[in-house]
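Asks: Got a structure here, written out as structure tokens. Questions coming.
The values are calculated or read from the model by the stated rules, or taken from the named source; none is laboratory data. Worth saying up front: this structure is predicted, and the values here are computed from it rather than measured. Using ideal geometry, Cβ is built from the backbone for each residue, glycine included, and neighbour counts are taken over all protein chains shown.
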Amino acid sequence: MTPRTVSAPAADEQGDSGFASLGLDPRVLAALTALGYEEPTPIQRAAIPALLRGGDVLAQAATGTGKTAAFALPLLHRLAPEAPPRDRTAALILVPTRELAMQVAEAVHRYGKEMRIVALPIYGGTSMETQIRALKRGVDVVVATPGRALDHIRRGTLNLNSVRTVVLDEADEMLDMGFAEDLEAILEATPAERQTALFSATLPPRIAAIAGKHLNDPETIKIDREPVAAGKSAKVRQVAYIVPRAHKMAALARVLDIEHPTSVIVFCRTRTEVDELTETLNARGHRAEALHGGLSQEQRDRVMKKFRANKADLLVATDVAARGLDVQHVSHVVNYDVPSASESYVHRIGRTGRAGREGVAITLAEPREHRLLRNIEFLTKQKIEIAQVPTVADLRSRRLELTRASLREAILGGELDAYRGIVESLAEEFDLMDVAAAAVKQIEQRDGTADAEEEIPAAPPRRDRGSEGRGAEGRGAGRETARESVRESASARAARPARARERTFGGEEKPARSERREPAGAPRDKRSASRGPAWDVARLYIGAGRTAKVRPGDLVGAIANEAGIDARAIGAIQIADRFSIVEVPEEIADDIVNALRSSTIKGRQVLVRRDRS
């Protein structure tokens with residue numbers, strides 16, 4: 001199988017650069033228009049036509065490049081002409097985590113809204129009976145984690161006989177989490193004449209092996225990004241804040257208050273996001289204007305006239321709408337989302353720092369987008385500073401600093417005689433410093449203080465897969481990051497829209513020395529033991545071991561998916577013949593026990609409790 005690199009043509013090289021040029025069903029196009037999607041990303045432009053032709057596809061694309069739409073849109077197009085009966089599932093999408101299952105199912109529902117497509121996410125940690133009832137009612141598309149999908153297949157509650165399309169999303173992640181055997185079993189249970197699409201951020205030999213076995217003469221797609229000349233944005237200070245999506249709006253407002261920019265362009269992915277963000281910023285006291293493809297030329301001209309005349313401080317725009325803008329006075333560029341392509345990032349931040357001025361490029365990245373920042377750094381040969389979201393104390397300090405600067409300008413500007421009388425009269429009764437401090441307090445209360453602000457929770461950045469666990473320094477950093485992730489998972493994982501990146505701590509099942517307490521006769525997994533947690537741990541007894549062919553990867557995958565935690569939070573794993581012991585953070589141990597009791601490991605329910613030894 002020889003990879004064929006597909007480079008999508010640039011938007012301005014095409015007569016029609018929109019989704020309509022790809023030949024999608026009109027109802028799919030109508031849904032995209034309603035959602036504010038304007039232009040396909042490179043992976044979408046390359047993969048959608050290939051999948052519409054009906055053949056298998058092996059695609060390599062980084063996380064955050066629009067892969068979901070790349071496989072979901074042609075999948076829906078193929079469902080549209082026939083509108084298959086709902087008692088026969090027509091498409092199966094396999095994903096590594098429960099968070100991604102929910103995201104993909106929601107995306108399929110939104111894209112297929114005009115066709116009334118029913119998409120069902122099935123994953124561990126929720127009631128099996130509820131999922132069975134939903135499957136009996138009939139669904140068009142099932143989005144599942146491998147472990148729970150296999151459970152349903154073995155129970156006979158997920159019938160794959162009518163499946164026409166199978167998608168493996170984030171295939172390398174699924175293999176990292178120990179799902180190789182589950183994937184093999186699921187693919188063997190699907191019809192041989194199906195269409196199969198495999199999407200992966202990397203294409204290691206094990207991915208090629210799966211593709212060679214289960215894909216039929218696939219069209220291999222790899223989107224090569226244009227190299228960006230080093231130093232192209234040397235006058236721009238680049239900084240990124242890692243923040244949960246639920247807090248991005250608050251983080252943006254906080255950063256704008258700290259930076260105090262003169263003029264800003266905020267880039268968003270869709271026109272819907274542009275409108276919502278503009279409305280919110282205006283409600284918070286900013287002067288923001290929206291710019292996207294849904295505006296008429298007259299409206300566009302009016303917006304740009306206000307921005308150039310400094311009658312609007314913020315221009316919230318999509319990439320397409322901002323194309324060709326020539327504004328010299330932009331002090332800051334904000335990427336509300338990490339751009340899908342590194343070239344887009346460079347084009348965006350190139351709109352500040354012009355004419356010899358210093359510019360600032362700010363990026364708000366979700367934890368799962370951290371790898372995209374590393375890709376941008378690699379291609380631009382420039383460092384992006386990763387900063388913490390400013391605290392309430394930082395905001396208060398910054399506002400006092402601005403007040404000081406304002407007072408200094410007033411002093412230097414003179415013309416203060418009209419106010420000296422009131423100061424002199426107060427100075428006879430109070431200390432002059434107290435009088436000045438009271439004046440500053442009045443200014444702060446008039447202009448607004450940080451008292452009503454709430455702290456924005458930190459989201460620790462995810463490390464690149466290739467660098468995890470290398471050296472003592474890397475291991476220490478990994479434990480610290482894991483500890484922070486666990487705390488966040490215990491309090492807010494239900495509301496967290498962006499899935500944390502997960503990995504396996506599996507390895508050979510060999511005894512190893514350790515200072516940790518061990519149950520009698522329980523050998524310790526060597527690789528897991530070397531990565532023990534640095535926080536308070538609880539030991540869980542799981543009633544399955546070597547006799548049941550349980551591997552460390554099975555336990556990590558089950559805990560990470562069923563309990564919805566970052567796999568890096570899992571400590572030492574000990575596997576004996578008839579049981580296993582796993583170290584997990586104490587503060588969420590009971591949650592993990594409850595989740596595992598309602599799920600299966602290696603296809604069967606097992607005893608799970610705290611270890612009593």
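Asks: Go through (1) at pLDDT below 90; (2) crowded, with 22+ Cβ neighbours inside 10 Å; (3) hydrophobic (A, V, I, L, M, F, W, C) for residue 46 and report which single condition fails.
Replies: It fails just one condition, (1).
Asks: For residue 538, work out the one condition from (1) small (Gly, Ala, Ser); (2) more than 24 Å from residue 186 (Cβ to Cβ); (3) crowded, with 21+ Cβ neighbours inside 10 Å it doesn't fulfil.
Replies: Result: residue 538 passes all but (3).
Asks: Report, by residue number, each residue of the range 193-213 that is assigned to a loop (DSSP other than H, G, I, E, B) and modelled with pLDDT of 90 or more.
Replies: 193, 194
Asks: Moving to a separate point now. Looking at the range 154-200, which of its residues are within 21 Å of residue 549 (Cα to Cα) and in contact with a Gly (Cβ under 7 Å, 6 or more places away or on another chain)?
Replies: 154, 177, 178, 179, 182
Asks: Another question, then. Which pairs turn up if I take residues in the range 23-36 that are farther than 9 Å from residue 110 by Cα and look for partners that are crowded, with 19+ Cβ neighbours inside 10 Å and of a type in the set (Lys, Arg) with beta carbon separation below 7 Å, at least 6 apart in sequence or on another chain?
Replies: Sorted first by the residue in the range 23-36, then by its partner, the pairs are 36/271.
Asks: Moving on. Any residue that is more than 25 Å from residue 599 (Cα to Cα) and of a type outside the set (Val, Ile, Thr) - is there at least one of those in the range 167-190?
Replies: no
Asks: Going through the range 181-197 one residue at a time, which ones are small (Gly, Ala, Ser), out of contact with any strand residue (DSSP E or B) (no Cβ under 6 Å at 6 or more places or on another chain) and over 15 Å from residue 151 (Cα atoms)?
Replies: Selection gives 192 alone.
Asks: Ok, one more. Test residue 323 against the stated conditions and say whether it is within 20 Å of residue 277 (Cα to Cα), at pLDDT below 80 and surrounded by fewer than 15 Cβ atoms within 10 Å (Cβ to Cβ).
Replies: yes
Asks: Which of the residues spanning the range 156-169 are surrounded by 19 or more Cβ atoms within 10 Å (Cβ to Cβ) and either farther than 18 Å from residue 210 by Cβ or not hydrophobic (A, V, I, L, M, F, W, C) (or both)?
Replies: Correct list: 158, 164, 165, 169.
Asks: Taking the stated definitions as given, is residue 98 basic (Lys, Arg), closer than 21 Å to residue 199 by Cα and in contact with a strand residue (DSSP E or B) (Cβ under 7 Å, 6 or more places away or on another chain)?
Replies: Answer is no for this residue.
Asks: While we're looking at this one, here's another question. Scan (1) outside any helix (DSSP H, G or I); (2) surrounded by fewer than 24 Cβ atoms within 10 Å (Cβ to Cβ) for the single condition residue 153 breaks and write down its number.
Replies: (1)
Conditions (1) at pLDDT 80 or above; (2) under 30 Å from residue 568 (Cβ atoms); (3) in contact with a helix residue (DSSP H, G or I) (Cβ under 8 Å, 6 or more places away or on another chain), marked per residue:
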residue: 344; (1), (2), (3): no, no, yes
residue: 354; (1), (2), (3): no, no, no
residue: 368; (1), (2), (3): no, yes, no
residue: 388; (1), (2), (3): yes, yes, no
residue: 394; (1), (2), (3): no, yes, yes
residue: 426; (1), (2), (3): yes, no, yes
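Asks: Looking for something modelled with pLDDT of 80 or more and among the small types (Gly, Ala, Ser) - is there at least one such residue anywhere in the range 71-84?
Replies: The answer is yes; a qualifying residue exists.
Asks: Further, regarding this structure: Do the conditions hold for residue 376, that is, is it crowded, with 20+ Cβ neighbours inside 10 Å, without any contact (Cβ under 8 Å) to a residue 60 or more places away in the chain and not in a loop (DSSP other than H, G, I, E, B)?
Replies: yes
Asks: Conditions: (1) surrounded by 23 or more Cβ atoms within 10 Å (Cβ to Cβ); (2) part of a helix (DSSP H, G or I). Residue 136 meets all but one. Number of the miss?
Replies: The single condition residue 136 does not satisfy is (1).
Asks: With among the charged types (D, E, K, R) and modelled with pLDDT of 90 or more as the only criterion, which of 289, 273 stands out?
Replies: 289
Asks: Given the residues 186, 221, which is the only one that is part of a strand (DSSP E or B), modelled with pLDDT of 90 or more, buried (at least 18 other Cβ atoms within 10 Å of the Cβ) and not basic (Lys, Arg)?
Replies: 221 is the lone residue from the list that is part of a strand (DSSP E or B), modelled with pLDDT of 90 or more, buried (at least 18 other Cβ atoms within 10 Å of the Cβ) and not basic (Lys, Arg).
Asks: Shifting gears a bit: Report the residue count in the range 1-35 for those that are within 19 Å of residue 294 (Cα to Cα), within 28 Å of the chain's Cα centre (by Cα) and modelled with pLDDT under 50.
Replies: 1
Asks: So which of 556, 582, 606 ends up being in a loop (DSSP other than H, G, I, E, B), modelled with pLDDT of 80 or more and closer than 20 Å to residue 182 by Cβ?
Replies: 606
Asks: If you don't mind, another one. Could you give me the residue pairs with C-beta distances under 9 Å whose first residue belongs to the range 143-168 and is assigned by TED's automatic domain parsing to the domain that holds residue 218, whose second residue is in a helix (DSSP H, G or I) and aromatic (Phe, Trp, Tyr) wherever it lies, and which are 6+ apart or on separate chains?
Replies: Qualifying pairs under 9 Å: 165/71; 167/71.
Asks: Check off (1) under 26 Å from residue 456 (Cβ atoms); (2) loosely packed, with under 12 Cβ neighbours inside 10 Å; (3) in contact (Cβ under 8 Å) with a residue 12 or more places away in the chain for residue 405 and give me the number that stays unchecked.
Replies: The one condition residue 405 does not meet is (3).
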